[in-house]
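Okay, structure first, notes after.
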Amino acid sequence: ERRKFGPLGWNIRYEFNDSDLETCTVILQNMLKGEGQVPWDTLLFVFGEIAYGGRVTDDKDRRCIMAILEKFVTPNVLDPAYAFSESGKFRCPAESDKYSVDDFISYIDTFPMVDPPEIFGMHENANIAYQDQTSGEIIGIALSIQPREGGGGGKRPEDVVLEICETMSQKVPDKIDVEIAHASSFGTDPNTGMMVSLGTCLGQEIDKFNRMIGKLKATLISLNKAIQGLIVMTADLDAMFGAMLNNQVPDLWAKVAYPSLKPLSTWFDDFLQRVDFFRLWVNNGKPIAFWISAFFFPQGFLTAILQGYSRANNIAVDVLGFEFEILDFDDPNDIEEEVETGCMNYGMFMD
């Protein structure tokens, strides 16, 4: 159920299912049949690291699932006053050893029909993300089933989308040419003779943006022709037509693009700005400040910074980390001096 909260629930959407619960139930039953004390630590490890944890690949998610299970797999559950949530609504019933199956079902029926975030160890505000996501899905479905015929003397949907295609086709930039790159953009490390780490990172980003540029150009041309009846309107192009009509990013583009929640109009403007940033980096050399949210993979950029420092100072990259200093500036173009070590970044925000 934590998956419905998006990244607030899990970093990765794991496919937990009933078989995981059944496995844990059988293990618990077998463990309790043995003599002696209840092996709480063993149960916690088997549930969190093997039964459910076997599906978990992210280290932060693994830490999270262990923290959740520690609330349930603990000797404290034997205390009648122990509750599984801060509100105290979720707890074992008093004198539960005398309960029948029907009594347990009746007790469970007193719980809320919709699980509140507190049962997952989350703040009530986590519901905002879930409700926002659900609202977006409902609106998306409503937009997808609305009729496409124009009315009231306005433009036809075909004319609207055709106009969008022509406008975007004129603005889509050419691919970034690395053959005319500045000497410092893909320079070599004098100590190792290898390409600098930032150059490797830049090359990977350019490959992704060039692929994206090619996809945008090709699909805009194809959709333009399909609307005019010059080629067949395929299912993908029809879906692209509907998305552009509703100011949504087409799936054909989203598959080759970076993650973004922006509507199509602002998404396209943001795309142009990102391409300009990397084009200037290639043509003019390494910038003084980096637009960190422009990267497809910002983690790769940060790793490249660490790797560059590691090579320059002969220190293992695994033992390095970042220290942060907040600078007061509104426009990164106002910065005139480059930092000696590390990097200056902008474009970060908190939700």
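The values are calculated or read from the model by the stated rules, or taken from the named source; none is laboratory data. Quick caveat: nothing in here was measured; it's all calculated off a predicted structure. Don't worry about glycine lacking a Cβ; one is built from the backbone with ideal geometry, like all the others, and counts go over all protein chains shown. Accessible surface areas use protein heavy atoms only, side chains included; no ligands, DNA or RNA. Shrake-Rupley method; radii C 1.70, N 1.55, O 1.52, S 1.80 Å.
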Cross-link table K4/K60; K60/K262; K4/K217, entries beyond 24 Å C-alpha to C-alpha: K60/K262; K4/K217
Just reorder T192, T110, T74 by solvent-accessible area, largest first, 1.4 Å probe, all chains present. T110, T192, T74
Using θ = phi - 60° and the Karplus form 6.51 cos²θ - 1.76 cosθ + 1.60, what ³J(HN,Hα) does each residue of region 214-223 get, whole Hz, x for Gly and Pro? x, 5, 4, 4, 5, 6, 5, 5, 5, 5
Within the chain, what is the longest stretch that has no GluC sites (Glu not before Pro) placed in a DSSP loop and near at most 16 other beta-carbon atoms within 10 Å? 150-322
Express the relative contact order of the chain as a whole percentage, based on alpha carbon pairs under 8 Å and six or more residues apart in sequence. 12
Can you give the accessible area of I227, probe radius 1.4 Å, in Å² rounded to 10? 40
Relative to the longest principal axis of the C-alpha atoms of the chain, give the angle of the C-alpha long axis of helix 235-245, reported between 0 and 90° and rounded to the nearest 10°. 80
With only helices counted (DSSP H, runs n ≥ 4, each -39500 (n - 2.57)), the per-residue ellipticity at 222 nm for the chain, to the nearest 500, works out to -14500 deg cm²/dmol
Cut-off 15 Å between beta-carbons: net charge of the residues surrounding E340, Lys and Arg +1, Asp and Glu -1: -4
Report relative contact order for region 39-150 in percent, whole number only (criteria: Cα-Cα under 8 Å, sequence separation at least 6). 16
Of G140, G34, G53, which has the largest mean-square fluctuation in a 10 Å C-alpha GNM of the chain? G34
Distance in Å, no decimals, from the C-alpha centre of region 284-301 to the one of region 81-113 is 53
Could you work out the relative contact order of region 26-92, using alpha carbon pairs under 8 angstrom and six or more residues apart, expressed as a whole percent? 22
